[in-house]
Each structure stands twice: as structure tokens, then as C-alpha cells.
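Asker: Just passing along the structure, written as C-alpha cells.
Computed from the coordinates by the stated procedures, all read-outs in this text should not be read as laboratory data. Since this is a predicted model, take the numbers as computed values, not measurements. As a convention, Cβ positions derive from the backbone with ideal geometry for all residues, glycine included, and neighbour counts pool all protein chains shown.
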Amino acid sequence: MNILIVGCSREGASLASVMCERGNDVSVMDDRKDSFELLEEGFTGLTFKGVPIDNDDLQSAGIESCDVVCAVTDDDNVNIMVAQIAKEVYKVPKVLTKIMDPEKEEAYEVTGLNSVCPTNLTLDAFISALDGYQEEQQLGFVGHTVKFYPMPIPKEFVGMKAMDIQFEKDEVLYAIVSEGGEFDLINNYNITLEEGDTLIFSRLVD
């Protein structure tokens with residue numbers, strides 16, 4: 001397959017490397033040249049510096065002959081625009097789009113285009129893995145492994161802000177499960193920790 005990946009963040013770079021290893025013809029486009037440094041050393045595809053929503057730049061990157069376009073920049077709005085251009089203007093047979101905001105994904109699905117929401121995927125997998133509060137769980141994401149593990153809130157953390165916790169290296173507070181079982185993803189480190197909370201930490205393994 002001829003695949004164009006728009007967006008060379010670590011996620012896009014990993015996807016490009018995997019697809020290239022599987023024998024596909026892969027091109028990667030990004031508006032920052034230094035982003036291509038994230039590609040693995042053995043990557044044999046092509047790279048193009050350009051504006052993701054610019055028709056001339058997309059044509060230079062080969063969108064007119066693509067079988068698949070993956071829009072995986074860090075901007076949901078850019079991804080949506082790239083997907084619409086690929087599908088409606090260039091009639092690309094298969095278009096996949098990363099949408100980080102679950103609400104945007106719901107609205108986007110109405111258009112009939114394909115989207116992937118890492119936030120929802122992670123949440124669904126993690127809630128399933130936490131049934132019974134297992135000691136820890138490892139999940140794979142595009143060539144990388146992330147470990148999740150729960151910890152009952154220590155007494156000294158009660159009443160603290162999440163931002164005041166001293167984390168270990170490469171560790172982040174991913175979610176909080178309240179005493180009543182409510183699962184909240186952490187998107188505001190100003191949140192106050194309460195007695196009975198279970199803290200869910202995540203750490204990049206590789």
C-alpha cells in the first residue's frame with residue numbers, strides 16, 4: 001500500500017516505522033523538519049516538510065496516488081481538515097484520523113469518516129483492566145508500552161493538590177477512582193485529592 005502519514009510526532013513516527021517495516025510505501029509529512037528526527041534509523045520511506053492543509057504541499061507528498069492517509073498531528077482540527085481534503089478532494093480510499101477530544105470524535109463520526117480516539121481507547125482498555133484492581137497492567141500503543149498501576153491514596157496525600165505530588169521519573173498521575181467508583185481522567189492537576197481515592201499512575205516502559 002501507498003501510505004501518507006500527516007504528522008510526525010512520536011506517535012506518527014512510530015506508525016510510519018511499523019508500516020514501513022511491513023513492506024508498505026510510506027511517506028511522512030510535517031510542518032517541522034526537526035520532527036523527522038523521531039523516525040527510527042531504519043526508516044526507508046520519504047519525508048516532506050509542508051503545511052498539512054495546503055493542497056500543493058499535500059500533492060508534493062503524493063496524496064494523489066495514496067491508498068491510505070493517516071492524519072495524526074497533535075491538533076484535532078488540523079486532522080479533521082486533512083481527512084476531509086483527502087476523502088473529498090483526492091478521493092483517497094481509506095482515511096484514518098486521530099481525534100483526542102472524545103466529544104469531537106462523536107461529532108466527526110456523523111460525517112461517515114473513520115476516526116480513532118486514543119483517549120477513549122485508553123479509557124476503555126484501562127477500565128477493563130482495572131476490574132478487581134489488578135496490581136498493574138501494561139498496554140501497547142504503536143510500538144511503545146505504558147504501564148498503569150493503582151495505589152490507594154496515602155494519608156499524607158489527602159487534601160493535597162495533584163500538582164503537589166512528587167512523582168518518580170517518567171511517571172504521571174493518569175486518573176483517580178473515587179471511593180464511590182467514579183473514574184476521572186486527570187486533565188487538571190489543580191484537583192484536590194480526597195480520602196478513599198485510588199490513584200492511577202502511568203509510566204512509559206519503552
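Asker: Using amide H atoms built in the peptide plane, which far-off residues or other-chain residues are under 5 Å from residue 201 H to H?
Answerer: Residues meeting the criterion, in which the H sits 1.01 Å from N, are 149, 151, 174.
Asker: Right, next: Using θ = phi - 60° and the Karplus curve 6.51 cos²θ - 1.76 cosθ + 1.60, what whole-Hz ³J(HN,Hα) does each residue of the stretch 150-156 get, with Gly and Pro shown as x?
Answerer: Calculated HN-Hα couplings, in order: x, 8, x, 4, x, 4, 6 Hz.
Asker: Still on this structure, please answer the following. Suppose the chain between residue 167 and residue 155 were pulled fully straight at 0.36 nm per residue; how much longer would it get relative to their current alpha carbon spacing?
Answerer: 2.7 nm
Asker: More than 16 angstrom separation, counting every C-alpha pair in the stretch 19-97; what % is that?
Answerer: The share of Cα pairs beyond 16 Å in the stretch 19-97 comes to 49 percent.
Asker: Short version: ³J(HN,Hα) in whole Hz for each residue of the stretch 47-64, in order, from phi by Karplus 6.51 cos²θ - 1.76 cosθ + 1.60 (θ = phi - 60°), x for Gly and Pro, what are they?
Answerer: Couplings: 10, 9, 8, x, 7, x, 9, 8, 4, 4, 5, 5, 5, 4, 7, x, 4, 5 Hz.
Asker: Quick one: Karplus J couplings for the stretch 5-16, per residue in order, coefficients 6.51, -1.76, 1.60, θ = phi - 60°, nearest Hz, x for Gly and Pro?
Answerer: 10, 9, x, 10, 6, 4, 5, x, 5, 5, 4, 4
Asker: Name the long-range amide H neighbours of residue 144: under 5 Å, sequence gap of 5 or more, or other chain; modelled H, no Pro or chain starts.
Answerer: Residues meeting the amide H criterion: none.
Asker: Ok, one more. Taking amide hydrogens as modeled 1.01 Å from N in the peptide plane, which residues meet the under 5 Å criterion relative to residue 99, leaving out close sequence neighbours?
Answerer: 116, 117
Asker: Something else about it: Do any GluC sites (Glu not before Pro) in the stretch 13-108 lie in a loop, going by DSSP, with at most 10 other beta-carbon atoms within 10 Å of their beta carbon, and if so which?
Answerer: 41
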